[in-house]
């Protein structure tokens, strides 16, 4: 029996995709500059089918690329050299909610926002909230250690995944971290933490035990309007220096604010140089005190207006507008390239000024919407992919910005991952010894490098190389 016949026997013919016109859906993630048509796509319906598929691939030496919703932004789910895409979107169950112990067991294809929706009747919620939370899945969040606006205070994915199940490339199922039934921590090395952020190169995550938090007693959400990005950036540092740790501090510059307002009509001021969205949560007295301090700090830095969300609905609409900001770019540009470098908060004015300089130098508009409290920037470089020169300038601008982040003491990625996009920058941030240690660790889980191959490491060839070779052979 052929490999294909064996896979079809496991998942059924309807869950095996090989038609070219259907495979196009899986040629890229949200990084649309890098594309590669996979050999095939398999959609298992449950963990047992995942295990059987992985074992079959291991027997035949077929590489596997785990994929969730495809919202990743670094080309981390591209499949090359005969790899199949193992799409986990059908494993979407919330197995159970345990309100007494404030945790939930969910499958890898469960959409992030569904967990909070299921936990809300118990007065609980799931804290990590990427902007794509209404589409992205927990397996993908684990792959890149996703964050989101509200992780400034409450932490990123690794702080909220207590344990997880991973199917190794051999087909062996292992559980790492807190016990799935009792929730008790297990002794030994934190292999759970090692796997989170490994971008699918250690194995296929099928289930996760996640931490739930109690809804805070109160929230205070502020929209602060400034005439300049510098004023807003200085305010961020001053707020944190005063010992205030908001649930979130988000910044939007003029260009993105205008695009969002034109798309969603929330009421953002079109003439603002920058706005901050600051959300404080906790006990009512503390929140009210910190809100007054925050407003005073912002006004001292030149804020011309401070608005409070008066109702739960206003707060929800404000956050919905912010989290749909990337979608609003379609109104002002055919394409965009986004980065997620990190700088120390004190260097936010420096990196924002540098981005402005790069925009002028490359003759491309760059708008900014990002997690200012974390120093995790998200510049969106606007271009038209029909113009090869614009594409080249956009890519160069992105690399220049990330190099500047390193020079300022930061990192090339906060939550989007390395994938294929940032491979050339890895040896700029890490020493050869650092990179070799990472590879050695990977080989413990995947000695043959069959799980999500050709990602992250400088020795891996860029996906563009595979595309060029494929085109040359046509």
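The values are calculated or read from the model by the stated rules, or taken from the named source; none is laboratory data. None of the values given here were measured: they were computed from a predicted structure. Don't worry about glycine lacking a Cβ; one is built from the backbone with ideal geometry, like all the others, and counts go over all protein chains shown.
Those residues that are over 24 Å from residue 373 (Cα atoms) and in contact with a helix residue (DSSP H, G or I) (Cβ under 7 Å, 6 or more places away or on another chain), I need them from the range 328-344; list them, please.
Correct list: 331, 332.
Test residue 165 against the stated conditions and say whether it is at pLDDT 95 or above and in a strand (DSSP E or B).
Against the criterion (at pLDDT 95 or above and in a strand (DSSP E or B)), residue 165 qualifies.
Pick out the one residue from 247, 203 that is buried (at least 24 other Cβ atoms within 10 Å of the Cβ), in contact (Cβ under 8 Å) with a residue 60 or more places away in the chain, within 27 Å of residue 161 (Cα to Cα) and in contact with a strand residue (DSSP E or B) (Cβ under 6 Å, 6 or more places away or on another chain).
203
Taking residue 50 as the residue in question, decide whether it is at negative phi and not in a loop (DSSP other than H, G, I, E, B).
yes
Could you tell me which of the residues 286, 339, 293 is surrounded by fewer than 17 Cβ atoms within 10 Å (Cβ to Cβ) and either free of Cβ contacts under 8 Å to residues at least 12 places away in the same chain or under 22 Å from the mean Cα position of the chain (by Cα) (or both)?
Only one candidate qualifies: 286.
Go through the residues of the range 63-70 one by one and say whether even a single one is crowded, with 18+ Cβ neighbours inside 10 Å and more than 21 Å from residue 144 (Cβ to Cβ).
No: zero hits.
Does the range 261-276 hold any residues that are touching a residue at least 60 places away in the same chain (Cβ under 8 Å) and either outside any helix (DSSP H, G or I) or farther than 28 Å from residue 328 by Cβ (or both), and which are they?
If the condition is that a residue be touching a residue at least 60 places away in the same chain (Cβ under 8 Å) and either outside any helix (DSSP H, G or I) or farther than 28 Å from residue 328 by Cβ (or both), then 276 is the only one that fits.
For the condition within 24 Å of the chain's Cα centre (by Cα) and within 18 Å of residue 291 (Cα to Cα), what is the one hit in 204, 236, 210?
None of the others qualify; the one that does is 236.
Could you tell me how many of the residues in the range 85-109 are surrounded by 22 or more Cβ atoms within 10 Å (Cβ to Cβ) and assigned to a loop (DSSP other than H, G, I, E, B)?
Looking only at that region, the number is 4.
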